[in-house]
Amino acid sequence: MGTHAGTPNPVKTVGIIAKHHHSDAKPVVEQIITWLTQRDKEVYLDTDTANLIGAKTGLPKPKIPPMVDLMIVLGGDGTLLSVARLIENRDVPILGVNLGGLGFLTEVTLDELFVTLEKIFNAEFTPDNRLMIRAQVFRQGERVVSSYCLNDTVISKGVMARMIRLEVSINGQFVTALRGDGLILATPTGSTAYSLSAGGPIINPSVDAIVFTPICPHTLTNRPIVIPSSATLNVTVKSREDGAMVTFDGQVGFTLRPDDVIEIKAAEHKITLIRAPEKNFYAILREKLKWGEG
């Protein structure tokens with residue numbers, strides 16, 4: 001779809017996915033549907049959002065992205081992350097609307113919602129293209145799970161009390177044998193999430209890179225590494241016990257076995273978030289991380 005000022009606007013269909021147990025969600029969804037219908041837009045809701053307003057027309061979440069020109073996500077960053085994974089390689093922009101405190105991703109507030117939608121329909125919005133990663137787990141050469149991630153893929157010791165042992169290679173070159181609580185492979189978007197808590201760097205979302213951040217490494221000289229987004233990382237589980245986990249965006253988990261190989265690379269397409277024009281990355285950082293206070 002056109003994402004630059006002056007291009008004709010092709011938004012005819014809009015998907016809405018809401019954090020359905022949020023107290024503000026129901027009236028907001030009803031208001032948006034009325035507003036969009038008055039402007040001759042077709043609206044598709046997922047089953048939970050449809051149930052919230054008593055509609056019978058809900059669809060399973062994965063069916064909505066192929067049918068729409070724009071996704072509206074009402075909730076917090078977690079809701080937006082789950083929708084981003086559904087978009088996969090489609091060119092469907094996401095408007096994240098915050099129902100609570102300011103999010104890193106859901107930065108449009110309810111007050112700004114309709115003004116922002118008007119701008120989108122007039123093609124006067126700023127697209128914010130974000131790198132996603134694709135993680136695949138191979139077991140004895142067979143792919144057993146695959147997921148896109150907007151934030152991160154985390155390999156962790158899971159239920160094991162002891163440290164996990166991993167071997168990491170980048171583009172086929174051996175990098176390190178790592179012992180510790182695990183490893184975070186994050187996008188620039190995810191650099192301000194779990195990776196930051198584990199001592200990783202903050203990366204501006206416009207930088208094309210993947211961050212490799214060890215979690216509590218046994219060797220204190222193991223440090224985060226920033227690698228180009230063109231690289232392919234392979235992480236092999238060397239622990240002999242079952243119980244290690246891989247988690248996608250902190251939301252979907254999969255149990256690993258010894259000798260499983262997790263392959264991480266940049267997804268073929270970026271995802272487009274729609275930014276509130278008056279907000280910028282550094283302003284959100286200052287507010288979220290409480291910089292300059294005290």
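The values are calculated or read from the model by the stated rules, or taken from the named source; none is laboratory data. Model, not experiment: these values are computed from the prediction. Methodologically, a virtual Cβ is constructed for each residue, glycine included, from the backbone with ideal geometry; neighbour enumeration extends over all protein chains shown. Note: areas computed on protein heavy atoms with side chains; ligands, DNA, RNA excluded. Shrake-Rupley method; radii C 1.70, N 1.55, O 1.52, S 1.80 Å.
For the reader, a short list of remarks on this structure follows.
- Scanning residues 5 or more positions from V43 or on other chains, those with amide H under 5 Å from its amide H are V14, with H placed 1.01 Å from N in the peptide plane.
- Kirkwood radius for segment 199-289, taken over all pairs of different Cα atoms as the inverse mean of 1/r, rounds to 16.2 Å.
- 16 Å cut-off, amide nitrogen to a point 7 angstrom out along S206 Cα→Cβ, residues in segment 256-294: 273-285
- Over the residues of the chain, the helix contribution to mean residue ellipticity at 222 nm works out to -5000 deg cm²/dmol, using -39500 (n - 2.57) for each DSSP H run of at least 4.
- Secondary structure note: in segment 1-153, about 30% of the DSSP beta bridges are antiparallel.
- DSSP finds beta bridges in the chain, and of those with both partners inside it, around 75 percent are antiparallel.
- One equal scatterer on each Cα of segment 56-125, no solvent, Debye formula: the resulting log10 I(q)/I(0) at q = 0.18, 0.20, 0.25 Å⁻¹ is -0.73, -0.88, -1.19.
- For G158, nonlocal amide neighbours, meaning residues 5 or more places apart or on other chains whose placed amide H falls under 5 Å from its own, are M245.
- Accessible surface computed residue by residue for segment 137-265, with neighbouring protein chains in place and a 1.4 Å probe, gives 44 Å² per residue.
- At R0 = 25 Å, FRET efficiency that the Cβ-Cβ distance of Q38 and L110 yields, to 0.05: 0.85
- Using every pair of separate Cα atoms, the Kirkwood estimate puts the hydrodynamic radius of the chain at 20.2 angstrom.
- Take every pair of alpha-carbon atoms less than 8 Å apart whose residues are at least six positions apart; their mean separation over the length of the chain yields a relative contact order of 19 percent.
- Within segment 6-57, the proportion of Cα pairs with more than 16 Å between them is 41 percent.
- Segment 141-153 - phi-based ³J(HN,Hα) in whole Hz, Karplus 6.51/-1.76/1.60, Gly and Pro as x: x, 9, 6, 10, 7, 8, 8, 8, 9, 8, 9, 6, 10
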